[in-house]
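Written out below as structure tokens is the structure these notes cover.
The values are calculated or read from the model by the stated rules, or taken from the named source; none is laboratory data. Quick caveat, the model's predicted, so the values are computed rather than measured. Side chains included, ligands, DNA and RNA excluded: accessible areas come from the protein's heavy atoms. Shrake-Rupley method; radii C 1.70, N 1.55, O 1.52, S 1.80 Å.
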Amino acid sequence: MIPANPLAKVAQRLTLALVLMLGQSAHAQAHQQQETYTSVRFNSRTAMLEVQHRFYLHDAEHAAKRLLDKNSDLISDPVSREAFAYYAIAKFALQDADKQPLPLSYVGTELDGKYLWVYQETPITNKMQDIWITMSTLQEIWPQQINHINLEKDKKVTSVRLNASGINQWHKLSFSDSGPAH
């Protein structure tokens, strides 16, 4: 029997280690959705415009560790959750048809399975026939982050998808035209 070449064994081990590292990296990337869904709803029963931001908890955890504190724990630490919520709402704003800011009140957060929800609201006014929206949440750390926003009124929905190229841009959502404007 011919003895195995020691260099071949080292190369084989290095190749195996590299394959395992690449697999773990791809696995970690696969878990990051890098999408956020926001629903803005006219609630005629309460006379409030309700805003619900839905984050994948996995993404929010990674972002909190990068943006807030490396020890952030959104699952078990309410203070971390509140800090993330305040970051998220600072990156989101609404204006009425006259482009006047709509003051949004922070309502709270909720964990629901693989999601973290952040809630806001503001009273409905007669100047909300068009809504101007901007949202750049998580886009400073993930340029491929997509923020989906749906505006719902009287069971009609209009939507916009915001990516990092639109940071600090305002988008008009209206039920009187065919879609969002910039």
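For region 53-108, what % of the accessible area comes from carbon and sulfur atoms, probe 1.4 Å? Write out the running numbers ahead of the final one.
Details: 1480 of 2850 Å².
Here it works out to 52 percent.
Distance check, please: which entries in K114/K156; K70/K99; K70/K91; K65/K155; K65/K156 exceed 26 angstrom between their Cα atoms? The answer is K114/K156; K70/K99; K65/K155; K65/K156. What number comes out for accessible area per residue over region 41-113 if the probe is 1.4 Å? Units Å², please. That works out to 53 Å² for each residue. Accessible surface of K65 in the full protein assembly, 1.4 angstrom probe, to the nearest 10 Å²? The value for K65 is about 90 Å². Every Cα-Cα pair of region 46-182 was included, and the share exceeding 24 Å stands at 31 percent.
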